């Protein structure tokens, strides 16, 4: 998600980059500008009222100390408290609306990316090796995959969206996607013919040990790991972000794969 301050301070740039992606800025950004202004006004209003409430509280203390009537100031602080709550509630609602809009804004392309309407406008940056030559017109992999019955692009588009594929038979067979353990809950295990295909979760880039480290050694040892074995990794209840321990357990600074 793009940073709020970046979008606010570079709104014309964001609009132009959306147009370059073939998107309508008005449809993507919606009422971002108005919501942002109203939210900041609500926050500023609440802070101003808090300052006045603090000042009134000091006046009340002085009046009471002097034995004078402070009922007017007390009534004002009560009214200010209610108004502050209204402003903060409005600011929170606008914050939710703002986050919804930001979540719908895609990443903007880098300035070095050529602008185009389709793949035919792509620019070749570099080439490695020599393309093979055939005495026939080769078919792209998506056509071959569907003809061989190993790729199902239509089904994948309904499940995940464009540019995904469901693999069948010789393509691969999914054994398990998702593990009831953390970190590494997005681990997947598939099979291609008799060979296991293990997908490392993204947390493998920054966690010292994940479910990947639990499953990979067993696969290398020749164990038949499948859906039931991965499902059995989870036990003992749920873990929250506030808890001090993670599964698999590891010490701070431990080397990758080194469990306690």
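The table that follows gives values for the structure above.
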item: Extreme residue, modelled with the lowest pLDDT, among residues of region 162-181 that are in contact with a helix residue (DSSP H, G or I) (Cβ under 6 Å, 6 or more places away or on another chain) and not in a loop (DSSP other than H, G, I, E, B); result: 166
item: In region 60-91, the residues that are in a loop (DSSP other than H, G, I, E, B) and surrounded by 13 or more Cβ atoms within 10 Å (Cβ to Cβ); result: 70
item: Selection from region 183-230 of residues that are under 22 Å from the mean Cα position of the chain (by Cα) and either surrounded by fewer than 19 Cβ atoms within 10 Å (Cβ to Cβ) or within 21 Å of residue 150 (Cβ to Cβ) (or both); result: 185, 186, 188, 199, 200, 202, 203, 205, 206
item: Residue within region 92-100 that is part of a helix (DSSP H, G or I), in contact with a helix residue (DSSP H, G or I) (Cβ under 7 Å, 6 or more places away or on another chain) and free of Cβ contacts under 8 Å to residues at least 24 places away in the same chain present; result: no
item: Residues of region 8-18 satisfying the condition of being closer than 24 Å to residue 114 by Cβ and surrounded by 15 or more Cβ atoms within 10 Å (Cβ to Cβ); result: 10, 11, 14, 15, 17, 18
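The values are calculated or read from the model by the stated rules, or taken from the named source; none is laboratory data. None of these values were measured; they are calculated from a predicted model. Glycine also receives a Cβ, built like all others from the backbone with ideal geometry; neighbour counts cover every protein chain displayed.
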